[in-house]
Structure formats: structure tokens, C-alpha cells
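The values are calculated or read from the model by the stated rules, or taken from the named source; none is laboratory data. Values in this document were obtained by computation on a predicted structure and should not be read as measured data. With ideal geometry, Cβ positions are generated from the backbone for all residues, glycine too; neighbour counts draw on all protein chains shown.
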Amino acid sequence: MSASMLKVLLILFCLFFLTNGREQSVGISGYLSCHGAPAIGVSVVLWDYDFIFTDDFMGMTTTNTRGSFTLTGSTDEFTTIEPHLAIYRECWGKKVCFPDMVVEIPDRVITDGKVPWKYYYLEREICDVEDIK
């Protein structure tokens, strides 16, 4: 097989790999607190971690007046998605902001399809970020 034929096959394989994933979804609900009180207006962002490509944005919300949130998201991926939740307490208007905490979502709550039918429940104290590992 010639080198040019191998290149064509490699390109076709990559295109197939990138475009023929399956729709997967995840749902998260939770409660965030600060010194025992509801953490109000905290941004929570759902991402799918990708090793080679950029991470896939899956959804975003903020905690309500009770410190609670519910968030769902889906993405098309050839392999099993690796969802994680990034929690941002404050960004002070910065264009680039790093999360205060990142929580990996377990595989057991990943579902096939666009709408999740399993949810992961998260309850966290988020004030003492320096204590979070």
C-alpha cells in the first residue's frame, strides 16, 4: 500500500471517529453552602473532559436563593464522556477565570441519549477553598 493511500485511509478513519460518536448525557443537582448558609449566585459549569481536543461545554447555571442548582448537559462522543463540574464563586469581571473547585462526575450517572435519566447529587461547603484538595 502506498504512503498516499495510507494517508487517505487515516483521514477517513479520523473523520469517521470524530463524526460517529453517540449522544450521552448527565444530570447533576445539588446544594452549595458557605459556613452553613446557602451559597447564592455561585456559577456551576458542566464540561466533558477531552484528552486530545478542547473540552466540550455541556451547560451552565447559578445557585438559587436556597443554594440549590440543577444542571443537565449532553454531548456527542465516540468513547464514554468524562463529565466534570466546575464551581466558580467569584470572577470579579475577569475574562479568564479559574474554578475554585472541580468535581468529577462518576460514570454510573452517564446515560445514553440527549436527556439524562440519572442524576448525581452534590452537597458541598465551598467557603474554605484552601482546604479543598
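Among the residues of region 101-126, which ones are part of a loop (DSSP other than H, G, I, E, B) and either modelled with pLDDT under 75 or surrounded by 17 or more Cβ atoms within 10 Å (Cβ to Cβ) (or both)? Listed by number, the residues that qualify are 105, 110, 116, 126. Residues that are farther than 21 Å from residue 35 by Cα and at pLDDT 90 or above within region 86-100 are absent altogether. Taken together, the residues in region 46-72 that are in a strand (DSSP E or B) and under 19 Å from residue 23 (Cα atoms) amount to 10. Checking the stated criteria, residue 27 turns out not to satisfy the condition of being closer than 19 Å to residue 122 by Cβ, modelled with pLDDT under 95 and outside any helix (DSSP H, G or I).
Please specify each residue of region 65-89 satisfying the condition of being exposed (fewer than 14 other Cβ atoms within 10 Å of the Cβ), of a type outside the set (A, V, I, L, M, F, W, C) and over 17 Å from residue 120 (Cβ atoms). Listed by number, the residues that qualify are 65, 66, 79. Residue count for region 21-59 satisfying the condition of being more than 19 Å from residue 111 (Cα to Cα), among the aliphatic types (A, V, I, L, M) and touching a strand residue (DSSP E or B) at 6+ places or on another chain (Cβ under 9 Å): 5. Taking each residue of region 106-118 that is small (Gly, Ala, Ser) and looking for partners that are part of a strand (DSSP E or B) and crowded, with 17+ Cβ neighbours inside 10 Å with beta-carbon atoms closer than 7 Å, six or more apart or interchain, yields 113/25.
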